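Here the structure is laid out as structure tokens; the discussion comes afterwards.
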Amino acid sequence: QVQLVESGGGLVQPGGSLRLSCTASGDVFRFALMAWYRQAPGKERELVADIGSNGMSRYEDCARGRFTISRDNAKNTVYLQMNSLKPEDTAVYSCKLMLSYTDPYWGQGTQVTVSS
């Protein structure tokens with residue numbers, strides 16, 4: 001069983017930055033595809049970005065150019081650096097760990113609120 005714990009959310013003004021972290025338990029992190037998702041009130045959960053075990057990353061349009069996903073396999077942690085935040089980025093952000101041989105694991109989520 002893998003546990004994922006997110007941190008780093010909070011209240012930030014428009015134009016500000018936050019860095020989210022997601023740390024996994026166990027020893028499978030380095031093999032996993034990791035992703036950040038978000039869900040805004042009244043909307044469906046959407047993919048923000050993901051990063052493979054080889055470090056290759058992909059971004060959805062909502063994140064491209066403003067957010068950076070990275071990982072530190074020695075710390076079992078994936079990060080999401082979010083810059084130039086907008087009110088529409090307000091959501092609960094969750095990380096997801098995916099392996100080829102098991103169902104995915106989800107963290108509990110961390111709230112990001114962008115407001116003046």
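The figures follow:
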quantity	calculated
Matching entry among G55, G9 (being touching a residue at least 60 places away in the same chain (Cβ under 8 Å), open to solvent by 30 Å² or more (accessible area, probe 1.4 Å) and of a type outside the set (K, R))	G9
Every residue from the range 21-50 that is charged (D, E, K, R) and either farther than 14 Å from E6 by Cβ or open to solvent by 40 Å² or more (accessible area, probe 1.4 Å) (or both)	D27, R30, K43, E44, R45, E46, D50
Scope the range 95-111; condition within 13 Å of the chain's Cα centre (by Cα) and either farther than 20 Å from D27 by Cα or β-branched (V, I, T) (or both); matching residues	G109, T110, Q111
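Per-residue answers, yes or no, for (1) in a strand (DSSP E or B); (2) more than 17 Å from T110 (Cα to Cα); (3) within 15 Å of the chain's Cα centre (by Cα):
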| residue | (1), (2), (3) |
| --- | --- |
| L11 | yes, no, no |
| P41 | no, no, no |
| E44 | no, no, no |
| Y79 | yes, no, yes |
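The values are calculated or read from the model by the stated rules, or taken from the named source; none is laboratory data. As the structure is a prediction and not an experimental result, all values here were calculated from the model. Virtual Cβ from ideal backbone geometry, glycine too; neighbours counted across all protein chains shown. For accessibility, only protein heavy atoms count, side chains too; no ligands or nucleic acids. Shrake-Rupley method; radii C 1.70, N 1.55, O 1.52, S 1.80 Å.
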